[in-house]
Structure formats: structure tokens, C-alpha cells
Amino acid sequence: MKKYKYTKAEQEFNKVLKYQNNQLNSILFDNKDETQKLINDAEALLRKTDIKIPDHMAKMISKEKKVVSVKNWGSILEKADTLYPHDVDLQELFSQEELQKNELYIRKLNSEFNQIHKLDEFDITIAALAGIVSRIVDIVMVGIPQKTSVGLKAAPLSNYVREYFEKAFPEEEMSKLANSKISKVPYDAQDNRNTAKYVEGLSAYYHRMLQLGHDPILGFVFGVLDILNGTMSTIDKKGAFIIQDMPCYEERKEATIFAALCKQILHLQSDITTSMSLPVPLMSLFNFLQIGKIGEYEQTIAEIVQGMYYEGYDFIHFCSMSIPVMITEVIIRLGYALKRLKEGHSIKESIPFSSNHQKHPKLGTMLFIGHSSATAINTGKLAFTENPLAINYPQWIMFAKNSYLQLKWVLKEKPELRDRYVRDKINEELLNAIECANTSFDEYFKDYIIVFE
């Protein structure tokens, strides 16, 4: 066992334990068999003589109580300090055989904990199946966007989602909204005619990808700030981050955060079904990645992502790609809940809203396996088609998220939780032992007067 560094209080406790342990070992007990024989002989003799104790004598004896003196902690510690001035290791109180038994018991508790969190064949099957099913839906039903004479088209599910958005945000109404003062924002420059600082690539085709205000996530930070300050925040095609004043759009500013937030929402709404829709979330940040020589034309990552946006890899397609990812989540969580119910857990304990390993053992690992298998299949699709539009961006986001959580679980949370589990089990047995000792003490000394020094 590992050498443990004791605190001062723990060291004092160890000394007292050693002192009392040695005192117990010094007490000579009669042989159990001989003692029992003596008791039996005495009882037989009493039965033969038929001696009875008079009632008044019995009452006197019953009323007579002995006094037991219990020393206080300070005096015991002082005695132990005198006998053992050196540090006392708790292992000194155990024999080698007992230490081995203790270590085996700790290993047993660790094994019990690992078993709680260990996936069985059913868990692994559900997780892997969820990833495979979601990728089948992605390949067959979502597909890859292509520009056609009637607009962007892909597979049936993707087409359905795009048509849904077009019905929810009709072109005529969105055109009126776009031309309305309530939706016009200072960062919506179509080109460099009104900019003080030149933004590389700013055009009717690419301006939404370069302007952070058009990002479905970053827009609620940078877009709102631009509306309040009358500025335009961009990351141009060469990766330069530029914030500049837009005095020509001074009338588009708002004075309050609430008004700016409302205008931001209305502007994003007016752009969502245009021919060059909103970019996928965080797509603008890829302009920073001016690295790589990929493919026949040795393009950088930034250039490939810009080309993907131009070809129709937009926010609506992002929503379509998210459906297979949700299927992975639903299959795994539903399978986990049904299995938990079958194992006898309550409905509350089985509802898998959280992937916290303490509340829902195995669920986090199952989600990691499901999204890992789905991502692996998507990687194969990308390698087979050699088309960057085949990348399922939401799937890679979920894979990154679950990989981080799983790594955190394995390296940090699992060891801590295992240690807590073992300590709780040992403390539970310790409390039972203390309760048993207290009961025995009360029972044995019920006819004694206890005096604490």
C-alpha cells in the first residue's frame, strides 16, 4: 500500500489507536472452552443445591451499581505520546495478512464501481446502431447541396427542410422586411464602396460569411455591438479581423441593447431564405485558418470553407444536417431509458436528460460511441466522394463535444468518483461498526455509573 502523509490530527489518532490496540492485546483471556465448561459446572451445581437468593437481597444487589471511570481524550493522548513519541503509521496496527486483505477489499470496491459504469453488449449495440442509422439518414435523406435551375437541391429530407423555411419565411414578405428601416443594420455593406478599411472578398456573394453580424451565433454579440456602435466587424478572406466605423449607415444605429437585439433578429430573419442564405454557425471563424494545401488546387482550409458556402453549404442545410445528429441522440437516450426501466429503476432515475455519469452511468460513454461511429462513417463518405460538402458539420461539433466530455470523465471525473464511492462504502461500514460498539457499550454498562474524567 502507498505511504500516506498524515495530518497532525490523524497522527494523534494513530497514536491513540496503537496505544489502545496494545492494551487490548496485553489482556489475557481464558480459554473459551475452559471458561464455558466452568460456567456449565457452576450452573449444574446451583441446580443441584437449589439455592435461592432472598428477594430483599436480590433488590439490594440490583440497586448496587459499580462506578466506571472513562478517561478523556487529552489524558489518553498524553499517555500515547509518552509511549510513542515518534510518528505512527496506521499500517503498523495490521499484520501483513490483514494489509493484504484490506488491499483486496479496496480492489473489490473499485471493481464494483467499474462494473456500474461498464457497458454491456446491449449498450454498445445501441450506441453503434444509433450512429449507423443516423449516417444512413444523412447519406440517403440529406445528401449534398447542389445548385440547380430551380435553386438549391439535395436529398428529400434536405429539400423538405428548405421548402419548410421558404414557406415559413415567404420571399415576398422577407423582401419587404429587408427593405424596411426596422431591419437595416450598419454592418450590412455589400462591397467596399462605403468602407474606410478595405475588406478582402467583400461582395454580394460573400459579405454574409465575412461579416460576424450575420453569424447565427456570433451575430448576437458582434452584430448587436455593431448596431449599437454603428460599426462593421469582419474577418476577411485573408483572415484579417477588422472593426471599422460605418458613418454612411449612422441612421441604422440603435440606442438600447433591447432595440439592437430586436433589429438583429429581424435582419437575420430577412436574410435566411435569400439565394445566399446565412452561413452556418461559426463559419466566419474558418477564415482565420489560412493553412494547408489541400486537393488539386492546393487550397487552404479557409478557401475550401468559402467555396462550400458559395456552393450552398448554408444555415438551412445546417438545419437539415442536424436531423441525423438528433436521431443519434434520440435512439441512444431512448434505448438507455428503456433498459433502465427494465432493470427496475424508477421513471425519474431513467429519464436521460443529463449525461452526468453520477446520475446516469454509461449514458455519456454511449453517446461518445454513437457520435464517434457516426463521425467515422461521415469521414468515410468524405474520403469516398472527395467533396468537402459531404462533411456533416453538426456531427463533427457533437463529436468534439462528446470527445471532450469523455476525456474529462476518464482522466478527471471517473477517478474522483471512484475514490468517493470507495470512501462512502468504507465510511458506511465504519458507521455500522461504531453504532454496534455504542449499542454494546450501552448494553454492557447499563447497570454501571459512567464517570467521564
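The values are calculated or read from the model by the stated rules, or taken from the named source; none is laboratory data. Every value quoted in this text rests on a predicted model; they were computed, and no experiment measured them. Backbone-built Cβ (ideal geometry, glycine too); neighbour counts: all protein chains shown. For the accessible areas, the whole protein counts, side chains as well, though only heavy atoms, and no ligand, DNA or RNA atoms are used. Shrake-Rupley method; radii C 1.70, N 1.55, O 1.52, S 1.80 Å.
Need a quick list: helices (runs of 4 or more DSSP H) entirely within the range 167-265 having at least 1 residues that are modelled with pLDDT under 95 and among the acidic types (Asp, Glu).
171-178
Search the range 75-95 for residues that are farther than 19 Å from Tyr4 by Cα and pair each with any residue that is open to solvent by 50 Å² or more (accessible area, probe 1.4 Å) and in a helix (DSSP H, G or I) when their beta-carbon atoms are under 6 Å apart and the residues are at least 6 apart or on different chains.
Sorted first by the residue in the range 75-95, then by its partner, the pairs are Leu77/Glu12.
Run Arg252 past the list (1) closer than 28 Å to Gly307 by Cα; (2) open to solvent by 10 Å² or more (accessible area, probe 1.4 Å); (3) not aliphatic (A, V, I, L, M) and report the number of the one that doesn't hold.
(1)
Take the conditions open to solvent by less than 10 Å² (accessible area, probe 1.4 Å) and on the phi > 0 side of the Ramachandran plot and apply them to Gly223. Does it pass?
Taking the combined requirement at face value, the residue does not satisfy it.
Please pick out the residue among Ala154, Ala130 that is at pLDDT 95 or above, over 30 Å from Leu430 (Cα atoms) and of a type in the set (A, V, I, L, M).
Of the residues listed, the single one that is at pLDDT 95 or above, over 30 Å from Leu430 (Cα atoms) and of a type in the set (A, V, I, L, M) is Ala130.
When residues of the range 273-289 are filtered for being part of a loop (DSSP other than H, G, I, E, B), surrounded by fewer than 16 Cβ atoms within 10 Å (Cβ to Cβ) and modelled with pLDDT of 95 or more, how many remain?
2
Considering the range 80-115 alone, what residues qualify as being of a type in the set (A, V, I, L, M) and either surrounded by 13 or more Cβ atoms within 10 Å (Cβ to Cβ) or in contact with a strand residue (DSSP E or B) (Cβ under 9 Å, 6 or more places away or on another chain) (or both)?
Within the range 80-115, Ala80, Val88, Leu90, Leu93, Leu99, Ile106, Leu109 qualify.
Has the range 152-165 got any residue that is surrounded by fewer than 18 Cβ atoms within 10 Å (Cβ to Cβ) and not in a helix (DSSP H, G or I)?
Yes - at least one qualifying residue is present in the range 152-165.
Being assigned to a helix (DSSP H, G or I) and at pLDDT 85 or above is the filter; apply it to the range 77-90 and report the residue that is nearest to the chain's Cα centre (by Cα).
Out of the qualifying residues, it is Leu77.
Among (1) closer than 26 Å to Val150 by Cα; (2) not in a helix (DSSP H, G or I), there is one condition Gln269 misses while meeting the rest; what is its number?
Tallying (1) closer than 26 Å to Val150 by Cα; (2) not in a helix (DSSP H, G or I), Gln269 fails exactly one: (2).
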